[in-house]
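A.B. asks: Have a look at the structure that comes next, please.
The values are calculated or read from the model by the stated rules, or taken from the named source; none is laboratory data. Computed from a prediction, not measured in an experiment: that's the story for all the values here. Here the Cβ is made from the backbone with ideal geometry for all residues, glycine too, and neighbour counts use every protein chain on show.
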Amino acid sequence: MSKLNGAVRRVVQMAAGVATAATLVVSGAGVASAAPPPATPNPGGDNVWPVVNLDRCGDPIQISRESVPGRTDLLGVILTPTGNFGASPECAAPVKVEWLNGIAPFGHAVTATVDRPGSTRVDIPIGAGVSLLTVQTLGVPAFGTSQYVWMQP
């Protein structure tokens, strides 16, 4: 009888392990990639466009978002110059990243200066659930971007 109970227990444990693995695969949890979290589309796209100095410091800064593997409370905001705007100290772009939590509606902000070629990454403690994320420049007239982002709890 105890051999039968042990066999049943092992089958139940194996079935639970398979179900857990299938749930992780379907939900995307436990995956080591930095996939972008779902976000609402923005009418202006995912770019911060300068309004002035288009001849010298033109082209937008492309904004992308990444989940931080293993941290459901952090969001990586990647700022990538696509031209001169933000790609050199002469065309530096001070950027403000703001988020408004959906659960506890408090505003938060961090700033970074984009002033070199390549990407600048800012990790923000956005928290789980839905939040409004806004990226804009400080002191440089530009069209910013804003969208709601869903972080899986």
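A.B. asks: So the check is Cβ under 9 Å with 6+ separation or different chains; which pairs have a first residue in region 74-101 that's more than 16 Å from PRO117 (Cα to Cα) and a second one that's of a type in the set (Phe, Trp, Tyr) and not in a loop (DSSP other than H, G, I, E, B)?
C.D. replies: Listed pairs, sorted by first residue: LEU75/TRP99.
A.B. asks: Which of the residues belonging to region 120-135 are buried (at least 20 other Cβ atoms within 10 Å of the Cβ) and assigned to a strand (DSSP E or B)?
C.D. replies: Residues satisfying the conditions are ILE124, SER131, LEU133, VAL135.
A.B. asks: Something else: Mind checking whether some residue in region 24-35 is part of a strand (DSSP E or B) and either at pLDDT below 90 or in contact with a Gly (Cβ under 8 Å, 6 or more places away or on another chain) (or both)?
C.D. replies: Of the residues in region 24-35, the ones part of a strand (DSSP E or B) are none.
For region 24-35, residues part of a strand (DSSP E or B) and either at pLDDT below 90 or in contact with a Gly (Cβ under 8 Å, 6 or more places away or on another chain) (or both): absent.
A.B. asks: Taking region 91-129 on its own, how many of its residues are charged (D, E, K, R) and closer than 15 Å to ILE61 by Cα? Give the derivation first.
C.D. replies: Step one: list which residues in region 91-129 are charged (D, E, K, R), which gives 96, 98, 115-116, 121, 123.
Still in the running and closer than 15 Å to ILE61 by Cα: 96, 115-116, 121.
Residues in region 91-129 being charged (D, E, K, R) and closer than 15 Å to ILE61 by Cα: 4 in total.
A.B. asks: Can you find a residue in region 104-119 that is aromatic (Phe, Trp, Tyr), modelled with pLDDT under 95 and surrounded by fewer than 15 Cβ atoms within 10 Å (Cβ to Cβ)?
C.D. replies: Of all residues in region 104-119, those aromatic (Phe, Trp, Tyr) come to 106.
The next check asks that each one be modelled with pLDDT under 95; those that pass are 106.
Restricting the remaining residues to those that are surrounded by fewer than 15 Cβ atoms within 10 Å (Cβ to Cβ) gives 106.
Within region 104-119, one or more residues are aromatic (Phe, Trp, Tyr), modelled with pLDDT under 95 and surrounded by fewer than 15 Cβ atoms within 10 Å (Cβ to Cβ).
A.B. asks: Here's a follow-up. Does LEU138 satisfy the criteria of being modelled with pLDDT of 90 or more, over 16 Å from ILE78 (Cβ atoms) and exposed (fewer than 14 other Cβ atoms within 10 Å of the Cβ)?
C.D. replies: Working: modelled with pLDDT of 90 or more: yes; over 16 Å from ILE78 (Cβ atoms): yes; exposed (fewer than 14 other Cβ atoms within 10 Å of the Cβ): yes.
So LEU138 passes the test.
A.B. asks: I would also like to ask the following. Check region 71-79 and report whether any residue there is polar (S, T, N, Q) and within 15 Å of PHE143 (Cα to Cα). Outline the logic, then answer.
C.D. replies: Restricting attention to region 71-79, the residues satisfying the condition of being polar (S, T, N, Q) are 72.
From what is left, the residues that are within 15 Å of PHE143 (Cα to Cα) are none.
Within region 71-79, none of the residues are polar (S, T, N, Q) and within 15 Å of PHE143 (Cα to Cα).
A.B. asks: Would a scan of region 141-151 turn up a residue that is outside any strand (DSSP E or B), in contact (Cβ under 8 Å) with a residue 60 or more places away in the chain and either in contact with a Pro (Cβ under 8 Å, 6 or more places away or on another chain) or surrounded by fewer than 16 Cβ atoms within 10 Å (Cβ to Cβ) (or both)? Quick ask: steps written out before the conclusion?
C.D. replies: Applying the first criterion (outside any strand (DSSP E or B)) to region 141-151 yields 141, 144.
From what is left, the residues that are in contact (Cβ under 8 Å) with a residue 60 or more places away in the chain are 141, 144.
Filter again for either in contact with a Pro (Cβ under 8 Å, 6 or more places away or on another chain) or surrounded by fewer than 16 Cβ atoms within 10 Å (Cβ to Cβ) (or both), leaving 141.
Yes: one or more hits.
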